[in-house]
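Visitor: First the structure, then my questions, so here it is.
The values are calculated or read from the model by the stated rules, or taken from the named source; none is laboratory data. Here the structure is a predicted model, which is why all the values come from computation and not from measurement. Cβ coordinates were reconstructed from backbone atoms using ideal geometry, including for glycine residues, and neighbour counts include every protein chain displayed.
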Amino acid sequence: MSTTYTISDLAKEFDLTTRAIRFYEDMGLLQPERSGPGGRNRVYSARDRARLKLTLRAKRLGLSLTEAKDIIDMYDSPRDTGAQLKKFLQVLAAHRLQLEAQMADLQANLEEVKEHERETRALLVKSEKKVKA
C-alpha cells in the first residue's frame with residue numbers, strides 16, 4: 001500500500017494552512033482522492049506531496065502558480081524531456097531577467113538613499129557649527 005496523507009499532515013509538514021492547500025487544489029496543482037461521507041475527506045498521495053513540494057519551491061523562486069503548474073505538469077506527462085527542460089530554462093531565464101531588473105532598481109534606490117544621507121550629514125555639520133559660533 002502506498003503512503004497517503006491528510007490535508008492536516010501536509011499542512012503541518014509544509015507549515016501551510018489547510019486553506020492554502022485547498023487553494024492549490026483549486027488551481028489544479030493537487031488532485032487528492034476523496035473518501036468518507038460525501039467525499040468530504042481528502043486523501044493525498046505521495047505524488048500530491050511531491051507536487052506540493054515542487055509548487056512551494058517554485059514560489060520561493062518567485063514563479064507564479066500558473067508557471068509552477070505548467071512546469072510541474074510537464075514533468076507529469078510522458079512527453080520529450082528535452083522540450084520540458086527547454087521550457088523550464090525559458091521560464092527561469094525570464095524570471096532571472098525580472099529579478100536582475102528589480103535588483104538594479106533596488107541598487108539605484110539604495111544609492112539615492114546614501115546620497116541623501118551624505119547631504120543630510122553635511123547639513124547637520126554646518127548647522128552644528130553655526131550653533132557653536
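Visitor: Which numbered condition in (1) touching a helix residue (DSSP H, G or I) at 6+ places or on another chain (Cβ under 6 Å); (2) modelled with pLDDT of 90 or more is the only one that residue 84 fails?
Guide: (2)
Visitor: Would you say residue 70 is surrounded by 12 or more Cβ atoms within 10 Å (Cβ to Cβ), free of Cβ contacts under 8 Å to residues at least 24 places away in the same chain and not assigned by TED's automatic domain parsing to the domain that holds residue 9?
Guide: Answer is yes for this residue.
Visitor: Among 52, 63, which is assigned to a helix (DSSP H, G or I) and either at pLDDT 85 or above or surrounded by 10 or more Cβ atoms within 10 Å (Cβ to Cβ) (or both)?
Guide: The conditions single out 52.
Visitor: Return yes when residue 37 is of a type outside the set (Phe, Trp, Tyr), surrounded by 15 or more Cβ atoms within 10 Å (Cβ to Cβ) and under 30 Å from residue 8 (Cβ atoms) and no when it is not.
Guide: In short, no.
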